[in-house]
1. Test Ser290 against the criterion of being under 20 Å from Thr206 (Cβ atoms), open to solvent by 40 Å² or more (accessible area, probe 1.4 Å) and of a type in the set (Gly, Ala, Ser), and give yes or no.
2. Got a sec? Which of Arg118, Arg113, Arg101, Arg133 is of a type in the set (D, E, K, R), within 16 Å of Ser157 (Cβ to Cβ) and touching a helix residue (DSSP H, G or I) at 6+ places or on another chain (Cβ under 8 Å)?
3. Determine, yes or no, whether Ala234 is of a type outside the set (Asp, Glu), touching a residue at least 12 places away in the same chain (Cβ under 8 Å) and touching a strand residue (DSSP E or B) at 6+ places or on another chain (Cβ under 7 Å).
4. Mind listing whichever residues of the range 146-187 are open to solvent by 10 Å² or more (accessible area, probe 1.4 Å), touching a residue at least 40 places away in the same chain (Cβ under 8 Å) and in contact with a Leu (Cβ under 9 Å, 6 or more places away or on another chain)?
5. Can you tell which of Gly277, Gly262 is touching a residue at least 12 places away in the same chain (Cβ under 8 Å), open to solvent by less than 20 Å² (accessible area, probe 1.4 Å) and out of contact with any helix residue (DSSP H, G or I) (no Cβ under 7 Å at 6 or more places or on another chain)?
6. If you go through the range 307-318 one residue at a time, do you hit one that is free of Cβ contacts under 8 Å to residues at least 60 places away in the same chain and either of a type in the set (A, V, I, L, M) or open to solvent by less than 50 Å² (accessible area, probe 1.4 Å) (or both)?
7. Suppose we keep only residues that are under 16 Å from the mean Cα position of the chain (by Cα) and touching a residue at least 60 places away in the same chain (Cβ under 8 Å) within the range 90-112. Which one would you say is least open to solvent (accessible area, probe 1.4 Å)?
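The values are calculated or read from the model by the stated rules, or taken from the named source; none is laboratory data. In this text, all values refer to a predicted model and were calculated from it rather than measured experimentally. As a convention, Cβ positions derive from the backbone with ideal geometry for all residues, glycine included, and neighbour counts pool all protein chains shown. Quick note on the areas: whole protein, heavy atoms, side chains included, nothing else; ligands and nucleic acids left out. Shrake-Rupley method; radii C 1.70, N 1.55, O 1.52, S 1.80 Å.
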Amino acid sequence: MKTPGRLSDPGLGRQLLRRVQEAAARAADQLGRPALLMEVCGTHTMVLSSTGLRGLLAGLLELRSGPGCPVCVTPAAGIEALMELARLPGVILATFGDMIRVPGQNGSLELERARGARVQVVYSPSDAAVLARENPNRQVILAGVGFETTAPMVAASLLQASSEYLPNFSVYSLHKLVPPVMRALLETTEVQVDGFILPGHVSAVTGSRAFDFIGRKYNIPAVVAGFTPVEVLAALHLLLGQILSGTASTANAYPWVVREEGNKRAREVMETCFYPGDSHWRGLGQIQASGLLIRDEFARYDAGHKFKVGPPAAEEPPGCRCGELLRGVITPLECALYGQRCTPASPVGPCMVSSEGACAAYLGEVPRRID
């Protein structure tokens, strides 16, 4: 099955939807149940909900969210460490907006700010370096959260700080790598996944080749997808085609952005400042070589080293099933807190906080439609 070209025909959405529905029905007959597909990107979760695609495919496909929200997979201990750093005198903690409301054991970064801590929302890592330049009498700490998409930009801010000799700038790295968590998921038997929708933005950096092991070793189809409804439908169509034909490979349905080899320059910048190390994921535990640690050459810009702060012991919020959700074991509807005690106005777990969190996406789901 050929990958579609640039998907810009406004009538293509409805045509593709019909094809996906028909293919899903055939796959369900072949498997004896609806095919279970996992999207490994929070933006795909948002697209499936905000466009009504999830509802339009209900009963034909079972769609599960995976560990694709970087804020959501940041462990409770990481949140506690950031709050500890924010409390230090003379510190400005710079963070992306989604992190500020994630609940910890005794509050959130938003609450720390209300108590007097300097917590500054930034829109890019370079903004944090500017903060350091403009506030030479304060220590500016950037919360390094995100996957391969964000890490090169954070690495660039480290290189910028080094070139400008900004002694008051540092990064607390909580960065995660997607291929290792995919391997960890595939080694478990909790969920029988029939295919994966792979993240387009991450794959633009890693290259689609980084995910070849999914089909080669585990015999499960995977498709790199873009982010418009039509691009997601095209990826679903390719996935179902593999399921029906009994083949398994990593296909690229986003070739105008993602290449097989990825973005070499972005990886070089990232690898200049970081190296892979063991990392703890919410709901998945410790995964070998799945995080990015700051290299010794940049130790003076490593907030964990500079301020002697390590991840403290911390427990998950009582009753929150975000960890199971990130493993694809449940949907948000199966959590007793969902939409009751846990809402966007009063979140219990990060999956309701982040704009890429599955609980927030499900709660904002629109009626069935396709543009």
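1. No, not satisfied.
2. Arg133
3. The answer is no for Ala234.
4. Phe147, Tyr172, Ser173, Leu174, Leu177, Ala184, Leu185 - these are the residues of the range 146-187 that are open to solvent by 10 Å² or more (accessible area, probe 1.4 Å), touching a residue at least 40 places away in the same chain (Cβ under 8 Å) and in contact with a Leu (Cβ under 9 Å, 6 or more places away or on another chain).
5. Going through Gly277, Gly262 in turn, the sole match is Gly277.
6. Among the residues of the range 307-318, not one is free of Cβ contacts under 8 Å to residues at least 60 places away in the same chain and either of a type in the set (A, V, I, L, M) or open to solvent by less than 50 Å² (accessible area, probe 1.4 Å) (or both), which makes the answer no.
7. Checked the range 90-112; the qualifying residue least open to solvent (accessible area, probe 1.4 Å) is Val102.
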